[in-house]
Amino acid sequence: MEDIINNIDSVVKYFAECSKNNDSFIPEYENSNKILKILRNTTNITKHELTSIIEILNNMSMINHYNGSGWHEFTILVNSLIRKYSYELEWENDLVRLIKIDSVEQIMEKKMKGIKSFYYLRLEDEQNFEKKDLSDLIFLNSNFTGRFKKCNLTNTYFYKCDLTNSDFSEAILVNVTMRNCILKGVKFQDANLTNFKTQFCVECCP
């Protein structure tokens, strides 16, 4: 955690130095420094602090600023720190929103209680979901091999996932979209692929 904050601090110092000769870096320095102060002044970030960070980032989208690789790196670092608290930043049309990332166990518990919602899931390594109800999920920025045999994945969305060698045999993939995914070696044998879509995927087509 401290390493990420130190890296953010280095980027803020870069903005400060650049702003001496280029005014377009001034908003980046001022606003990145505000976010850095929020991160440094708390040992356990709450939803309130996260909301403040979102507001600063969204205000930046309405300001003319340099918007180069430095700002891109800054937002990546901030997002990597926020992930430590089971949240993630998601950008859409230059605006950012905060989404809650649930664990598989939390999602299963909510489903058992009948809580209906789209749940966000971010995974790594190998995962075994055989025969589980994984409907209405959004798999986001995940890199894992999934065993989805006989799973119910109705209305599920995969975005920027590396699903290499995953197995969807006999799974229900009704109304499923996989976008910007890597599908190398993925198995879809005897799966229900009604209204199944792949968009901008690598090595796809069941």
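The values are calculated or read from the model by the stated rules, or taken from the named source; none is laboratory data. Values in this document were obtained by computation on a predicted structure and should not be read as measured data. Don't worry about glycine lacking a Cβ; one is built from the backbone with ideal geometry, like all the others, and counts go over all protein chains shown.
Quick notes on this one:
- Restricting GLU2, GLU90, GLU30 to those that are of a type in the set (Asp, Glu), loosely packed, with under 12 Cβ neighbours inside 10 Å and out of contact with any helix residue (DSSP H, G or I) (no Cβ under 8 Å at 6 or more places or on another chain) reduces the list to GLU2.
- Contacts under 7 angstrom Cβ, first residue in the stretch 1-30 being small (Gly, Ala, Ser), partner assigned to a helix (DSSP H, G or I), 6 or more apart: ALA16/TYR29; SER19/PHE25; SER19/ILE26; SER19/TYR29
- Test: residue in the stretch 77-93 that is small (Gly, Ala, Ser) and more than 25 Å from GLN106 (Cβ to Cβ): no
- Total residues in the stretch 1-26 satisfying the condition of being of a type in the set (S, T, N, Q) and closer than 24 Å to ARG83 by Cα: the figure is 3.
- Members of the stretch 138-159 that are small (Gly, Ala, Ser) and part of a strand (DSSP E or B): GLY146
- Cross-chain or 6+ apart pairs with Cβ under 8 Å, the stretch 118-129 first and over 12 Å from PHE158 (Cβ atoms) and part of a loop (DSSP other than H, G, I, E, B), then among the β-branched types (Val, Ile, Thr) and modelled with pLDDT of 75 or more: PHE118/ILE138
- Residues in the stretch 161-206 that are assigned by TED's automatic domain parsing to the domain that holds ARG147, more than 18 Å from GLU130 (Cβ to Cβ) and in contact with a Phe, Trp or Tyr (Cβ under 7 Å, 6 or more places away or on another chain): CYS161, THR177, MET178, ARG179, ASN180, CYS181.
- Qualifying positions in the stretch 160-200 - in a loop (DSSP other than H, G, I, E, B), within 27 Å of TRP91 (Cβ to Cβ) and charged (D, E, K, R): LYS160, LYS184
- Tallying residues that are modelled with pLDDT under 95, closer than 19 Å to SER80 by Cβ and under 21 Å from the mean Cα position of the chain (by Cα) within the stretch 27-51 yields 8.
- Scan of the stretch 93-147 for residues that are crowded, with 16+ Cβ neighbours inside 10 Å, closer than 30 Å to ILE53 by Cα, modelled with pLDDT of 85 or more and in contact with a helix residue (DSSP H, G or I) (Cβ under 8 Å, 6 or more places away or on another chain), ordered by number: VAL96, LEU137
- Picking from residues in the stretch 33-57 that are under 24 Å from ASP94 (Cα atoms) and among the basic types (Lys, Arg), the one that is surrounded by the most Cβ atoms within 10 Å (Cβ to Cβ) is LYS34.
- Selection of first residues in the stretch 61-82 that are in the same structural domain as SER32 (by TED's automatic domain parsing) and of second residues that are part of a loop (DSSP other than H, G, I, E, B) and polar (S, T, N, Q), restricted to Cβ pairs under 7 Å at least 6 apart or on distinct chains, gives the following pairs, ordered by first then second residue: TYR66/ASN22.
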